[in-house]
1. Look at B:Ala275 and say whether it is under 27 Å from the mean Cα position of the chain (by Cα), touching a residue at least 60 places away in the same chain (Cβ under 8 Å) and crowded, with 19+ Cβ neighbours inside 10 Å.
2. Which one of these does A:Met250 not meet: (1) open to solvent by less than 30 Å² (accessible area, probe 1.4 Å); (2) closer than 24 Å to A:Val108 by Cα?
3. Of these, A:Ile169, A:Ile136, which one is part of a helix (DSSP H, G or I) and either surrounded by fewer than 22 Cβ atoms within 10 Å (Cβ to Cβ) or facing chain B (nearest Cβ under 10 Å) (or both)?
4. Among all residue pairs at least 6 apart or on different chains, which show Cβ distances below 6 Å where the first residue, located in segment A:248-259, is of a type in the set (S, T, N, Q) and the second is at pLDDT 90 or above?
5. Just to be sure, is B:Thr42 among the hydroxyl-bearing types (Ser, Thr, Tyr), at pLDDT below 85 and over 19 Å from B:Phe278 (Cα atoms)?
6. May I ask you to say which residue of B:Leu73, B:Leu77, B:Leu67 is without any contact (Cβ under 8 Å) to a residue 40 or more places away in the chain, more than 30 Å from B:Thr201 (Cα to Cα) and open to solvent by less than 70 Å² (accessible area, probe 1.4 Å)?
7. Sort out which residues of segment B:264-279 are modelled with pLDDT under 90, part of a helix (DSSP H, G or I) and within 10 Å of chain A (Cβ to nearest Cβ), and write them in order of number.
8. Would you confirm whether or not segment A:149-160 contains a residue that is more than 12 Å from chain B (Cβ to nearest Cβ) and crowded, with 24+ Cβ neighbours inside 10 Å?
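The values are calculated or read from the model by the stated rules, or taken from the named source; none is laboratory data. Worth saying up front: this structure is predicted, and the values here are computed from it rather than measured. When we count neighbours, we look across all protein chains shown, and the Cβ atoms used for this are built from the backbone with ideal geometry, even at glycine. Quick note on the areas: whole protein, heavy atoms, side chains included, nothing else; ligands and nucleic acids left out. Shrake-Rupley method; radii C 1.70, N 1.55, O 1.52, S 1.80 Å.
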Amino acid sequence: MADATLPAAPARRRRIASPMLRRILRDRLALAAAILLGLICIAAILAPWLAPFDPYNTTRRPFVPPRWSEGSLPQYWLGTDGQGRDMLSRLLYGTRLTLVMGLASVIVGGGIGALFGLLSAYYRRIDPYVMRFADILLSFPAILLGLALAAVVGPGLTAIVIALSIATIPDVARITRSAAIVVMGQDYMEAGRAVGLSDRTLIWRYLALNCLSSVFVFLTLRFGQIILIGAALSFLGLGVRPPEAELGMMASLGRDALFFAPHIAMLPSLMIVMIVLCANVLGDALRDLLDPRLRNT
Amino acid sequence: MLNHVASRLALSVPVLFGVLLFGFLLLQLVPADPAAIIAGPTASPELIAEIRKDLGLDRPIFVQFALYMSRVLQGDLGVSLISNTRVTEDLGEAIGPTVELMFACLVWAIPVGIALGTIAAVNRGRFLDRLVIAISVAGVSTPVFFIGLILMQYVGYQWELLPFIGRGGPLWSLSGLASIALPALTLGLIFIGPIARMTRTAALEVMNADHVRTARAKGLGERTVILKHVLRNALIPVVTLIGLQAGYLLGGAVVTETIYSWPGVGRLAVGAILASDFPLAQGAILVLALAFLTINLIVDMLYAALDPRVQKHG
């Protein structure tokens, strides 16, 4: 109704978008990280088409080393694992599942956390309760949550994603809340309220959109940590069940063959390092550009 | 300070309650009827019913929860489904090695991390600074099991420098010291990154403070300024942040113990979960949660002791 008569809430995103792009382009390291992460994501998405072999198909050629070492076979670029499965294909599928695990947790946990933060900033009455709740969640380390959920639900991807999502909620709620409180003090919020916009419109169209960049930067920074914790839980055997491929689990399968076929454990581990490193470098760069306030979190 | 610590203690009550509730739920998953097990295979249904009554199993679920809590508070965590030993005994044997591992990790990682962070701050923008930043970014991006596997393969297996399976004995014996070296190195390596980073940020902030300028102006040597005026103040946020990383340390310890077959609580917990040994899993998770809360509490007290401002504001 009154929307047309009001100037739209200044969307911080749009104003920053083009200089941000330019500055990211100037920051070579961040650019390299973005490109590499993009390539990894594309490779993961295209895994069914890129993989030369069926990642679950066992053969009678176990422990074949990668192409650059002695005793390799030309058809297996990265060798095979202990059950003769093609490492390259498994690596592609494994990356896919690891990324899905991380993204699902960031989206679910980030969404719920951001909602808590927004409501907490908008309805000051519920604020203390939400923040106490966040404190309690915060005193529960992610790895413990993962162990506990795996014990109850049974090991599996679901247990890990739930644990990682819950672990993401409190920090995101805090970050969103502090960003939203700043936005609440802006004139356009007052103006929106004065012309009689509903709470719902104010929260979603004005408050949420203006907090988006802070939340986004924080989640980028968090993504790497989430992948690390998830991979650790998988490594412990609490995640995806075999034969499904996931990077952490692949590394743990390679542990038994570490001394004579190190590539089985090392390749998936290196992939995790690459993903997390890119996410961290990119997150740091985005934070410096968009939200220097987050520097100490 | 008392106020501050008390409010933190108050916060751990709901957490402990949550963990206990969780342990209770976990025990409900035990497939067999505990009364039937105690009574034995030849027992009459009447006898089983009587034992059920003795154990409180016929009472409403919240009463059972209350009974469970009182048992846990008395130190009774039940019996392992697999080894049939008391859970408290298994845990008692595992706590020592875990504490040992964490101690051996922190005792080298904290000083090294703080030193690296200080070096970076002093050389701000120069090569050494960039190097430290690169090391710490790489450190926080590497899974602890990767570091463990690399050290195990090279230092342990190929160069045969250190043992890499199990615990050789108590920390003060030579074989114990040798066996803890690799696990402690592994766990410490993921920890120096965050510590160096925090120290650098904190030190840079303090270096711009007025009192540091005053110290320089009155002609103190650079070494004195950095050590006495900068570092001492920078340590306050660093201690808090180390506390915030307690979960990180705990998680790292669980993985490290599993890799090196270190007989600690983390390995016990993982093994119990994978074997569906619910009473043992319940006990191990309870102990890990308690360890986490204790570390946080110690850090809070340290913080209050280091920063006189906390005492006033509570």
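1. Working: under 27 Å from the mean Cα position of the chain (by Cα): yes; touching a residue at least 60 places away in the same chain (Cβ under 8 Å): yes; crowded, with 19+ Cβ neighbours inside 10 Å: no.
It is false that B:Ala275 is under 27 Å from the mean Cα position of the chain (by Cα), touching a residue at least 60 places away in the same chain (Cβ under 8 Å) and crowded, with 19+ Cβ neighbours inside 10 Å.
2. (2)
3. Values: A:Ile169 fails: either surrounded by fewer than 22 Cβ atoms within 10 Å (Cβ to Cβ) or facing chain B (nearest Cβ under 10 Å) (or both).
Within the list A:Ile169, A:Ile136, the selection yields A:Ile136.
4. From residues that are of a type in the set (S, T, N, Q), the pairs are A:Ser252/A:Phe235.
5. Details: among the hydroxyl-bearing types (Ser, Thr, Tyr): yes; at pLDDT below 85: yes; over 19 Å from B:Phe278 (Cα atoms): yes.
Considered against the rule, which asks whether it is among the hydroxyl-bearing types (Ser, Thr, Tyr), at pLDDT below 85 and over 19 Å from B:Phe278 (Cα atoms), B:Thr42 comes out as yes.
6. Working: B:Leu73 fails: open to solvent by less than 70 Å² (accessible area, probe 1.4 Å); B:Leu77 fails: without any contact (Cβ under 8 Å) to a residue 40 or more places away in the chain.
Result of the check over B:Leu73, B:Leu77, B:Leu67: B:Leu67.
7. Just the residues of segment B:264-279 that are modelled with pLDDT under 90, to begin with: B:273-279.
Still in the running and part of a helix (DSSP H, G or I): B:273-274, B:278-279.
Hits for segment B:264-279 are B:Ile273, B:Leu274, B:Phe278.
8. yes
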